[in-house]
Amino acid sequence: MIIGVYGYQDSGKTALVEELVRELSGKGYRVSSVKHSPHTKEVDAPGKDTWRHSNAGSDPVALQAADSTVIIKKPGLDLDAIVKIVRREFCPDILIVEGHKEGDFPKIAVGDVKPTEGTVMVNPELEDAVAYIEERATHESTYDKLPKLDCGKCDMTCANMASEIVGGRKRFDDCIEMPERPVEILIGGRKLPVGAFVARITEGTVRGLLSSLKGYSETGDVEIRLRASADETKSEPSGE
Ligand code: SF4
C-alpha cells in the first residue's frame, strides 16, 4: 500500500515518517519510502564525479559503494514512475511518500496544514497511524491476490471478498475464479485481471511452447516481454 505524509517544513513530518518506518519494519513489514525534495544537490553537486558523468551525457548515473547505491536520473522522474520502479524492484508491503499533498493514495497531514483530498488523518497518534496502515496493507495485499474480475460469482465484489477473508469469514478458495497458480499479465506496466480459465490456458500454452527450449525449467517462473514497437537495434541495416 502507499501512504503519504505531508505538511509544511519543520512540521514534524519526517519525524513521523521515521517513527512509522521503525514501527512497521519492526513488525516485519517491508517498508520503502520516497522523500520529495526541491533538488538533489546534496548528492549531485556541480563538480562532483557523478555530476561530471551526467553533464557529459550519461543517463542515468549510478553511484556505487559498499554501504549504499544512488541512481541519478535527469530530469527527475515523477512520483508514478518512481512508485512503479520501487514496487517492481523491491516489492515493499508499505511505501511511504513524504512531501506530496496531492496524489491518489491515502495521506496523513502533519502540523497546521489545510488537509487535501484523500487525507485520512490529521496529526494522528503514532499507534493510530500504524493501526490504520496495517489494516489497509492487509486488505490491499489480500485484494491483490484475488483475480479482481468483479465477476459477482461469489455474490459480492472482489473488495468485499478481501474484507471477508481478512475478517476470517471467507477463504481464498471461496473465490470461484481463483487460479491454482498465479499468472500475471501486464500491459504497459498495468496488471490485467486474470481468472482461473485464462490463467490455466495461458500457463499451459506458454509452458507447452517453451518446454522444448534449451534452459527451460518446469519449476522456474516464466517472464515474457512483448515489445509494442521494434527495437532500434533491429532496424534495417543501412548502406546496402
Ligand atoms: S468470484 Fe472471485 S473474482 Fe469473482 S467477484 Fe468473487 S472474489 Fe472477485
Sum -39500 (n - 2.57) across every DSSP H segment of at least 4 residues in the chain, then divide by the residue count to get the 222 nm mean residue ellipticity, nearest 500. -10000 deg cm²/dmol
Hey, could you pull the Cα Rg and Dmax for the chain, both in Å? 22.4, 71
If the chain between Lys48 and Ala196 were fully extended at 0.36 nm per residue, the gain over the current Cα-Cα distance would be 47.9 nm
Relative contact order of the chain: what whole-number percent is it, with Cα pairs under 8 angstrom and at least 6 residues apart? 20 percent
Which value in Å does the Kirkwood hydrodynamic radius of the range 135-237 take, with 1/r averaged over all unlike C-alpha pairs and then inverted? 16.1 Å
Output the DSSP H helices from the chain with an along-axis C-alpha extent of no less than 20 Å and a mean Kyte-Doolittle hydropathy no less than -1.0. 126-145, 196-210
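What does the extension gain come out to for His39 and Ile85, with contour length at 0.36 nm per residue minus their alpha carbon separation? Please report the intermediate quantities before stating the final value.
Numbers: separation 46, 0.36 × 46 = 16.56 nm, distance 1.99 nm.
Using 0.36 nm per residue and subtracting the Cα-Cα distance, I get 14.6 nm.
Over 27 Å between C-alpha atoms is what I'm after, so list which of Lys107/Lys191; Lys84/Lys148; Lys48/Lys107; Lys27/Lys153 land there.
Among Lys107/Lys191; Lys84/Lys148; Lys48/Lys107; Lys27/Lys153, the Cα-Cα distance tops 27 Å for Lys48/Lys107; Lys27/Lys153.
Within the chain, what percent of beta bridges assigned by DSSP are antiparallel, to the nearest 5?
For the chain, the DSSP antiparallel bridge percentage is about 25.
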For the chain, modelled as a GNM with alpha-carbon contacts under 10 angstrom, which of Arg225, Arg207, Arg169 fluctuates the most? Arg225
Interchain or long-range residues, amide H under 5 Å from Val97's placed H: Ile3, Gly4, Val5, Val34
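Bear in mind that the values in this text are calculations on the coordinates, not laboratory data. What you see is a predicted model; the values in this text were computed from it and never measured.
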